[in-house]
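Single-structure report; data block below.
Nothing in this text is a laboratory measurement; each read-out follows from the coordinates by a stated rule. Only a predicted model underlies this, so the values are computations on that prediction, with no experimental measurement involved. Here Cβ is always computed from backbone atoms with ideal geometry, including for glycine, and neighbour counts include all displayed protein chains.
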Amino acid sequence: MFGWAHHTYLVPSAPWIRYFAYAVSMTELLILARIIWNWKSTLDTARKFKHLMSYQFLLASEFWIFLNLVLALLISVPALNLFTHGTHITVAHSMGSTIGINTMILLGSVFFICRESTTKKLKLKGVKMGLWLTNGALLTFWISLILAGYTKARLSTGSDLSFQQIMHEVAPYLMVFTIAGIGLFLGIAMIVSSALPKLFAKEGEE
């Protein structure tokens, strides 16, 4: 909820509301500081539970929480927000949160529930490959959106190029974004097709 405060910067409002929104947005620094402070203990926990597939998904979500917190803090700075608002950088933040955080937590929860409800030996090689492919493709997807947004913002404010010319310059990043999106789809498909049929199979089925 606090992270939404920076969306009020461009809304016509009293100055104190904008200052308050900025202060609220900066509270995310506390969360970022906590992640950095607990990093060593997180590594110890990772060594203990790394064999659990559900934990690997949750670990991936923590990685994306860190990246998106850093990006959220940057775009919450008013001068940068004016530069980036309405560009692909905002989309990168949204996609990183939706796929990198929410989807990883959801998949981790599913694997935990299924592990608790079955004694079948799970063949998770395909899931692990899918997890690496998903996160690698998502990172490429995320970075390409940031670069596309930066390019669009820079050319929109520092040149007399038309919108069509600007988008022509942005196009290579969007091509990488498209390819990474296909990789992301394949990675998630590998996770679902490799694991869920086995995890939800009735006990005794081969």
Quiz item: If each residue's Cβ is checked for other Cβ atoms within 10 Å, how do Tyr19, Tyr173, Tyr150 rank with the fewest at the top?
Solution: Tyr19, Tyr150, Tyr173
Quiz item: Can you give me the Cα centroid spacing of region 17-33 and region 51-98 in angstrom?
Solution: 15
Quiz prompt | Sorted by Cβ density within 10 Å, fewest first, the residues Ile99, Ile17 | solution = Ile17, Ile99
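How would you rank 183-189, 164-170, highest first, on the average number of other Cβ atoms within 10 Å across their residues? Could the numbers behind the result be given before it?
On the way: 183-189: 16.9, 164-170: 14.0.
Ranked from most to least packed, the peptides come out as 183-189, 164-170.
How big is D, in µm² s⁻¹, for region 52-199 by Stokes-Einstein at 4 °C and 1.567 mPa s if Rh is the Kirkwood radius over C-alpha pairs? Walk me through the numbers on the way to the answer.
On the way: Rh = 16.6 Å.
For the chosen part, D equals 78 µm²/s.
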